[in-house]
1. Put a dot 7 Å past each Cα toward the Cβ at Q284 and Y518; how far apart are the dots in nm?
2. With Cβ to Cβ distances under 12 Å as the rule, what net charge do the other residues near N537 carry (K, R +1; D, E -1)?
3. Nearest 0.05, what FRET efficiency do E478 and T439 give at R0 = 30 Å with Cβ-Cβ as r?
4. Give the separation of the Cα centroids, the range 467-544 to the range 144-190, in Å.
5. Return the ratio Rg/(2.2 N^0.38 Å) for the range 155-238, where Rg is computed over Cα atoms only.
6. For K96, list the aspartates and glutamates whose Cα falls under 19 Å from its own Cα; do not include residues on the same chain fewer than 8 positions away.
7. Can you give me the solvent accessible area of E42 with a 1.4 Å probe, rounded to the nearest 10 Å²?
8. Run the numbers for S133 and H216: contour at 0.36 nm per residue of separation, minus the present Cα-Cα distance, in nm.
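The values are calculated or read from the model by the stated rules, or taken from the named source; none is laboratory data. Only a predicted model underlies this, so the values are computations on that prediction, with no experimental measurement involved. Cβ: placed from backbone, ideal geometry, glycine included. Neighbour counts: every protein chain shown. With ligands, DNA and RNA removed, areas are computed over all heavy atoms of the protein, side chains included. Shrake-Rupley method; radii C 1.70, N 1.55, O 1.52, S 1.80 Å.
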Amino acid sequence: MKHLSVILFTMLIITACGRQSANTETSRFYDTLDSLIAHHDELVAAKEAQIKSLAGSTHGIALTPEQTFDLNVRLYDEYLAFRFDSAFHYIDLNLKSPLAANDPERYAISAIRMAHILSVSGIFNNARLLLHSIQLTKLSTETRVAYYNQQAELNLYRSEMAQYTPYFMDYIDSAQYYRQLLLQIAPKESFEYMTSRASFTCEQGDVEGAIRQYEHYLPTLKMGDRRYSIVASTLAYFYWKSGQPQQQEHYLLLSAICDMRGAILENNALRELASILMERGEHQRAYRYLQRASNDAQQYGSRLRSMQVARMAPIITKAYDTERELAQQRTNRLLTILAIIALSLAASILFTIWLLRKHRVANRKIRQMYEVLSHHNEQIQAMNNEMKEANRIKDEYIGRFLELCSAFIYQGEERIKKLNRLAREHKLEDLYAEIKSNTPVTEGIRMFHQNFDTAFLNIYPHFISEVNSLMNEENAFEVSEDSKKLTTELRVLALIRLGITDNQKIADILRSSITTIYTYRSKMKARARDKEAFEDNVRRIATY
């Protein structure tokens, strides 16, 4: 019994260590993926440079029709998962070339490749008609394998779009039929044979068998190659079917990393990862991955992938916005608590200082009680005036702050509703235009200036007149009885009165450049009666 307890304890430790190791590896994969996404533009630029080098390698060389045909195939292969329109262009040239018209083999090679990119982009009917135009009896074994593989792939894509409809299983059965034909003639070590056999095995119900086949096959492929990405993504699907979400996430990460390293824009793993992260509550990362998947789909030109991303976008966007709103609410509550604590602490310190001062003065000048008491009465009166002024400033600015926050919250809620409505209605162009608009920022600045001016003039009603008394008569500011608005120059002086003298801070608050603030301050000093003491005099302006 004692030995059994030791064995069980050891097994628990091993299991815990295994889980910790798996979590560490997953975290490392996410860090790698995030780093690759951050360098996405550089990877895409490198891919473009590689293709440009290939396209320019024959510049100035007269190519035969056969060489031109082969070069177009190579350029198609490079653009296959990178740019839909470019891949379409080069294979379309081959499809319309005289060589294809007179050679069934070359025609089939071109038609199969064209059918692939049409399938990826959701143009299923054209892809189907193109495949039906091929004469199978005149093809080599290799081309027939490609033909059966493309037929299976086409039906697989059609099944994705027919999920939750009565036609779903019809497309799956058609894909299985063409996989069977492929397995009868394909070389057993070929990529097409391995992938078709695993998918066929999975759809036959032997998911574990399909997983074993791919687990042995994946290490033979190279990370960064599109075939690795396809196998890893499909293996993740197998694990999902077998109810193993951790392994599914593991291979989706490998597939996504491979896509990023190889600048593969026609991808699927990143979108699936976004879905997993959203269900787990990691909305920020899910939103970032979905944005990257959406941008890749748009860059590639895949209508099918764009539609798949569009299905998830409203859900993840809503969850992300909700999480951000809750975080903002928590921050606001924390700021309120900190403000209360700070005010309480400041009051306690002031009260303690006052008591200590009073105690020291009383002990030192006990025989001059009357004078000390009179002095304290004057101090108390001064402090009361200061506290009254401080309370007035506090009340005015707290009220304005709450009013401004309420207005910003209302505007934010209305904007979120509008963005959600545009996203829900799939009006992506309007949504993008709304997100890109600077109107909310401009309106926010206007409201901030309006509230700042009103609050400040309520506290310092004679501020403009007091400033004019410090200026030369010809340089005085205009005073209007009904005016509740300050000019930019007066706002600079108002911030100086409030104790904010740093040019950078003033520039940040007023949304101006530091050069502009420096110019304003210099010009106003030059117009003052006492240039050296001008700003000190501004800081002495009273509230009454």
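1. My value for the distance between the label points is 3.6 nm.
2. Result for the neighbourhood of N537: +1.
3. Computed FRET efficiency for E478 and T439 comes out at 0.50.
4. What the calculation gives is 76 Å, centre to centre.
5. 1.11
6. Answer for K96, where 19 Å is the Cα cut-off: E66, D70, D77, D85, E105, listed by chain and number.
7. Number for this one is 120 Å².
8. 26.2 nm
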